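Below: one structure, written as structure tokens.
Read-outs throughout are calculated quantities, based only on the coordinates presented, and are distinct from any laboratory measurement. Not measured: the values here are computed from a predicted model. Here the Cβ positions follow ideal geometry from the backbone for every residue, glycine too, while neighbour counts run over all protein chains shown.
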Amino acid sequence: MIEVSQLTKSLFAAGRRVDILKGIDLSVPGGQFLAVTGASGSGKTTFLSLLAGLDVPTAGSIKIDGQDISRLNEDELAALRGQRFGFIFQNFHLIPTLTALENVMLSRELNGANEAEERSRGILTEVGLGDRLLHYPSQLSGGEQQRLSLARAFVNEPDIVLADEPTGNLDSKNSEHVLDLVSQLHQEKKATVVMVTHEAHVAARSQRILFMQDGKVVEDRLNESYKP
């Protein structure tokens, strides 16, 4: 599903070059749940941005089903993200003037998909928000807002879900609930999930754990304690 080869990202500041990512090689099969972890500044969020086509690598390639996304123009990247990707953010990024149902429906409608309301109601019920359809984000708790984000990410049944610190703004109880839902939806929808987190107990919920340090992958292992 995802093939990364010699991925490098460098920035130039104050006349000097700063290497953020330093030649990463990675292969992620379809349907795998991968956690990318490491200390702040290790390069994990930059890596996720490159996978999403939101940033351009300095060198190397990222291929989705054999297609090198670094060669796509902005319109092609936008179409790829809309059709094949789902996103979960630490800060939710919900539209405050839309209800829970409308936030999810919009994601489906922007992709030109049919049955927007029916599918949106269904996925919101799956994440436990069936009785909160007409509530606005400000009327939902942090845990409920992140569950709404999950519904929005999965409503189009994407091939790949990218999650950036999805439990970063939640307490421990809500974190576990959200992780349970991510695992459940991963199993049901068969999506490939790449989740960035700095928390070891969150990474431990994935099938495979990638450890990054100073822009490099220092460890890549399957999680033997993973339970779907």
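Which of the three applies to region 128-194, rounded, prolate or oblate, going by the alpha-carbon gyration tensor with a ≥ b ≥ c and a/c under 1.5 meaning rounded? Cα axes put region 128-194 in the oblate bin. The phi-based Karplus calculation (6.51 cos²θ - 1.76 cosθ + 1.60; θ = phi - 60°) puts the 3J(HN,Hα) values of region 110-116 at 5, 8, x, 7, 8, 6, 4 Hz, whole numbers, x for Gly and Pro.
Relative contact order for region 172-228: 28 percent, from Cα pairs under 8 Å spaced at least 6 residues apart, divided by residue count.
Sequence-distant contacts, meaning Cα pairs under 8 Å at least 6 residues apart, place the relative contact order of the chain at 28 percent.
Taking every DSSP beta bridge that has both ends in region 114-228, the antiparallel portion is near 55%.
Here the residues VAL28, VAL104, VAL217, ranked from fewest to most Cβ neighbours within 10 Å of their Cβ, fall in the order VAL28, VAL217, VAL104. In the structure shown, the pairs LYS22/LYS63; LYS44/LYS227; LYS189/LYS216; LYS9/LYS44 are assessed against 21 Å; a Cα-Cα span above that value is assigned to LYS44/LYS227; LYS189/LYS216.
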